Amino acid sequence: MTFMTDRKSIRGFYLWIVFSLLGCVPSLAGAVTLTLYSATDRAAIQPVIEAFNRKYPGIVVRYEEFQSNTLYRVLAGEADDPTPGQPQPDLIISSAMDLQTKLVNDGQAQPYQSEYTDSLPDWANWRNEAFGFTFEPVVFAYRKDLFVDQPLPDSHERLTELLRSNSKFYSNRIGTYNVNISGVGYLFATQDAIRSSLNGRLLESLGRVHAKTYCCTDDILRDLTDGKLVLGYNLLGSYALARIREHPELGVLLPKDYTLVMSRVAFIHKLAKEPGWAGVFLDFLLSPEAQNIMASQSGLVPLRTDAEGTYSRAAIDEKYSTSYQPIGLKPTLLVYLDRLKRARFLKEWRDAIFFDEAL
Amino acid sequence: MLTTDTILFSSPHSGSLHRQLIIRMFLLLMVTLLVLGIGVWIYAQRASDLSHDRLLTGAGLAILDSVREQSGRIEVDIPYAAMGILALARDDKVYYRITGPGGRYLTGYPDLPVRDVETHTGTPVFYNAEYKGESVRIALQEKFLTEQNVRGWVTVAVAQTTQARTELFREIMLGALGILSLVILLALAGTWVAISRALGPLYAIRREIQRREPTDLTPLTIETPDEVTPLVETINMFMRRLQENLDTIKMFIANAAHQIRTSLSTVQAQINLAQHDQTLEQLSQRIMKINDGHQRLNRLTNQLLTHALVTHRADTFQPESIHLTGLLQDILVQTVRDHAHTSVEFGFHNEAGDITIAGDTISLREAVNNLLHNAIKYGPENNQVTIQLQPGRVPENVPADDDRQWVEIWVDDEGPGIPKDFQLEALKRFSRLGEKQAQEHQVLGSGLGLAIACAVLEAHEGRIVLENLHPVGLRVRLCLPVK
């Protein structure tokens, strides 16, 4: 390479420096802010975000946490944004797969494609717009110490039987989601209704033993730990598995007849300010790096089968006999979001669970 | 040498047959591709619409089936299967809207563009629309509720984005076009090979002829397919005729040279002898002989020139109207005047009436003149020469579609005639017969008379026929088409 010393090229060189500085300055001063709206425990996702920050130090990740129902209502324009004036979300993450599907169906997402999204299984990728990135079984959690002389309900059918035959043992001591409040609870309940013909009887039995209803998996786990409950029905496996690490008196059951599998769904918002960085974050979520963090630290069971850690799929498969039924990301998830269908389902659910209150 | 020939004798040519065939075939195949392409386009559109419209119909029917009256209200319980059917097109978004009697909104997307359907036929109505920034296909279906409080039409609109539909359309389209293009490429390649093979013998013939010495006129011996064999045969026939013509010309030149030399040397010899003649009587006899020889030479030269003239005119003359009777009478008067001192009798019969033909007067006059001379020459002292104008029969070897009238000029004499076997031969220039007869009869002649007539008749698309008369005499029939 040779240096040119005539005036023209020197002037060009100065211009180049000025433009480079102009190009750099904004990105240095007002660093990129990536806004995540998420219905995931902050504690669970925190290690992943920290790893992302280490890898991309220039990016500020703004994390807003929501209940899954609220998140949907905010995005659908049915509720006010809790942080008005702040930038709109770039990436939306929620465990309520049906609500996420509805938002995508209603045109709130923009497509994104990379080698990571291409490697996803079909059921975890809809239209290259909605992507599942975890593999979280829906489980029963129970008090090991209290079940010493009791038969374990290792399937939905068995649970139905035991609730009838052993109603005294279970009475007031079984907890599950309140589907009126919890988006993910509603998803699990409707998936049960689709998959099992026994579901009506199971709900009826839950009502007869005066099952308690909760907003969140964590509350059920707390009451289990406190000894107020003996069994939690339809819990998020990821949170339950994390909890039994600290509380050996708790156990987790993956129902043998079928184990629903929920996948947290992320999509890039159509009006994202930073769609490029949202894509980078999405790829990071699907990358072995983040999936390994989920498997080892955060307790979110990663989707990738090659991830390693306590909460990896390999680790779960080793410990439990499984018949996974992943909830597929597809338009069928919209069925129970129908206004009339939802009203009917909730009424039937209430009639079964709170049968005595109606009397 | 070859290049010069090519430039000098290049025939008007219409481009490469090979290229023309290929281009035409290509254009034809392109048109085929276009027509089939349009067909496939329509078919692919129909097929993709039909298959995905069925999904919409199926889902709509399943939803309609779940519409019930319950305690005075309309209940809709969207079946899981309805969405399951639509989810067969996995990547397409799904929208629906259900309205009760009077257009009352029941459930679904309230702003889905729903057309007013007044038909109430029960058959689904399909249409395309824009919804949420994407093009969607919508199926409208209806069901009549008969219960009292809810009596009326329930309308279900089921909509789906057109991604899978477009994909199927593209797949059918591209698949079919791919196969079509392949077939057409194969057809083109096949055509190429077929044309090359078909034209191969032509190239072989060209090579064979190019390779030859100019003097080599032997027949081509190339193996050719049935279609090309006639061409080779024609070329061979042409070369044979060329060879014959060359032979004739050679003989003509040799004969002419020989006769002119003989006559000249005879006259020369007589002149030489005349220098030594002593008596006046001897000298006058010598002069008579010189006169005879000179006359023969004169006639020979005239005939050669006439022959050259008619051959030349045959190629170049512009047809003019000839009044045959007038022409013949004219010729006859001239001939009678020339032979007034002899005892030859002349006659003229007109059986055909007033006839005008298109032709060359000079050539025709020469032809008839030569025949008259022949008649006088070969006939006896008291010869009777008759010219007749006869309505003609159509000659034998005339194409069937030729419906021209014919007329014949007959020239009869009382000479020895020509043996039937030699008649054809006699029509050629310097025919051996002509020479032989000339020797036998000790008459002035060159054998060119009939050849001249023959050339003239050929130029007039006529025929010449020789007939021996009974008991003696020759009749020369000139058959001419009346134009």
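Rule-based calculations on the coordinates, nothing more; no lab input. Because the structure is a prediction, the values reported are computed rather than measured. Because the Cβ atoms are built from the backbone with ideal geometry, glycine has one as well, and the counts that use them run over all protein chains shown.
Counting only residues at least eight positions apart within a chain, or on another chain, the aspartates and glutamates with an alpha carbon under 16 Å from that of A:Lys228 are A:Asp145, A:Asp218, A:Asp219, A:Glu249.
If R0 is taken as 25 Å, the Cβ-Cβ distance between B:Asn128 and B:Tyr80 corresponds to a FRET efficiency of 0.40. Each Lys and Arg contributes +1 and each Asp and Glu -1, all at the Cβ; summed about the Cα centre of the protein assembly as shown, the dipole is approximately 1860 debye. Mean partner shielding of peptide A:322-332, defined as the number of other chain Cβ atoms within 10 Å of each residue Cβ, is 3.
Summarise the long-distance tail of P(r) for segment B:15-211 by giving the % of C-alpha pairs beyond 30 Å. Could the numbers behind the result be given before it?
Working: 8969 of 19306 pairs.
Within segment B:15-211, distances greater than 30 Å cover 46 percent of Cα pairs.
In chain A, helical runs assigned H by DSSP with n ≥ 4 each contribute -39500 (n - 2.57); averaged across all residues and rounded to the nearest 500, the mean residue ellipticity at 222 nm is -13000 deg cm²/dmol. One chain, two ends: B:Val183 and B:Thr301. Fully extended at 0.36 nm per residue, the span grows by 35.1 nm beyond their Cα-Cα distance. Taken over segment A:29-127, the ratio of Cα radius of gyration to 2.2 N^0.38 Å equals 1.14. Taking every residue in A:340-347 and counting other chain Cβ atoms within 10 Å of its Cβ, the average works out to 3. Relative to its Kirkwood radius, the Cα radius of gyration of the protein assembly as shown gives an Rg/Rh of 1.48.
In µm²/s, what is D for segment B:239-482 at 25 °C and 0.890 mPa s, where D = kT/(6 pi eta Rh) by Stokes-Einstein and Rh is the Kirkwood radius from Cα pairs? Calculated translational D: 127 µm²/s. Counted as membrane-span-like here are DSSP H helices of chain A whose alpha-carbon atoms extend 24 Å or more along the helix's own axis and whose Kyte-Doolittle mean is 0.5 or above; these are A:7-29.
Give the Kirkwood hydrodynamic radius (Å, one decimal) of chain B, defined as one over the mean of 1/r across all pairs of different Cα atoms. Roughly 32.7 Å, rounded to one decimal.
Restricting the count to DSSP beta bridges whose residues both fall in the protein assembly as shown, what percent are antiparallel, rounded to a multiple of 5? Write out the running numbers ahead of the final one.
Details: 75 of 100 bridges.
Within the protein assembly as shown, antiparallel bridges account for around 75 percent of the total.
For the listed residue pairs A:Lys168/A:Lys347; A:Lys102/A:Lys347; A:Lys270/A:Lys347; A:Lys341/B:Lys93; A:Lys102/A:Lys212; A:Lys347/B:Lys143, the alpha carbons are over 24 angstrom apart in A:Lys168/A:Lys347; A:Lys270/A:Lys347; A:Lys102/A:Lys212; A:Lys347/B:Lys143. The residue among A:Pro84, B:Trp41, B:Asn272 whose Cα reaches farthest toward the positive pole of the charge dipole of the protein assembly as shown, with charges on the beta-carbon of Lys, Arg, Asp and Glu, is A:Pro84.
Using the Kirkwood radius over C-alpha pairs as Rh, can you work out the diffusion coefficient of segment A:250-359 via Stokes-Einstein at 10 °C, viscosity 1.306 mPa s, in µm² per second?
Values: Rh = 17.4 Å.
This corresponds to a translational diffusion coefficient of 91 µm²/s.
Highest mean packing comes first when the peptides A:111-120, A:260-269, B:185-194, A:84-93 are listed by Cβ atoms within 10 Å, giving A:260-269, A:84-93, A:111-120, B:185-194. Under a 5 Å amide H cut-off, with hydrogens placed 1.01 Å from N, A:Tyr324 pairs with A:Thr259 among residues at least 5 apart or on other chains.
Taking the beta-carbon count within 10 Å as an exposure proxy, list B:Trp410, A:Trp123 from fewest neighbours to most. Before the final figure, lay out the partial values.
Numbers: B:Trp410 19, A:Trp123 15.
So the residues, fewest neighbours to most, are A:Trp123, B:Trp410.
With equal scatterers on the alpha carbons only and no solvent term, can you work out the Debye log10 of I(q)/I(0) for segment B:103-248 at 0.09, 0.14 1/Å? Calculated log10 I(q)/I(0) at the listed q: -0.59, -0.87. Annotated for segment B:239-482: lysine pairs at least 8 residues apart or interchain, Cα distance under 17 Å, count 5.
Would you calculate the volume per residue, in Å³, of the smallest convex hull containing every Cα atom of chain A? Don't skip to the end; give the middle numbers.
On the way: hull volume 57.7 nm³, N = 359.
Hull volume normalised by residue count: 161 Å³.
Taking 20 Å as the cut-off, the amide N atoms of segment B:460-478 that come nearer than this to a point 7 Å along the Cα-to-beta-carbon line of B:Ala358 belong to B:460-463.
For A:Asp122 and A:Phe147, calculate 0.36 nm times their separation in residues minus their Cα-Cα distance, and state this gained length in nm to one decimal.
Numbers: separation 25, 0.36 × 25 = 9.00 nm, distance 3.92 nm.
Full extension from A:Asp122 to A:Phe147 adds 5.1 nm.
Counting only DSSP beta bridges with both residues in chain A, tell me the antiparallel percent, nearest 5.
Working: 21 of 40 bridges.
So the antiparallel bridges amount to about 50 percent of the total.
Report, ordered by chain and residue number, the aspartates and glutamates lying within cross-link reach of A:Lys273, taken as a straight Cα distance under 15 Å and ignoring same-chain residues fewer than 8 apart. Within reach: A:Asp90.
Here A:Phe354 and B:Arg19 are evaluated by their C-beta separation; at R0 = 56 Å the FRET efficiency comes out at 0.05.
By the combined test of axial Cα extent (at least 18 Å) and Kyte-Doolittle hydropathy (mean at least -1.0), the qualifying DSSP H helices of chain B come to B:17-65, B:163-211, B:229-276, B:280-316, B:324-338, B:361-378.
Just checking the output field for A:99-109: average partner chain Cβ neighbours within 10 Å of each residue's Cβ? Don't skip to the answer; put the middle values down first.
Details: counts 0, 0, 2, 0, 0, 1, 7, 4, 6, 1, 0.
The mean count of partner-chain Cβ atoms within 10 Å per residue comes to 2.
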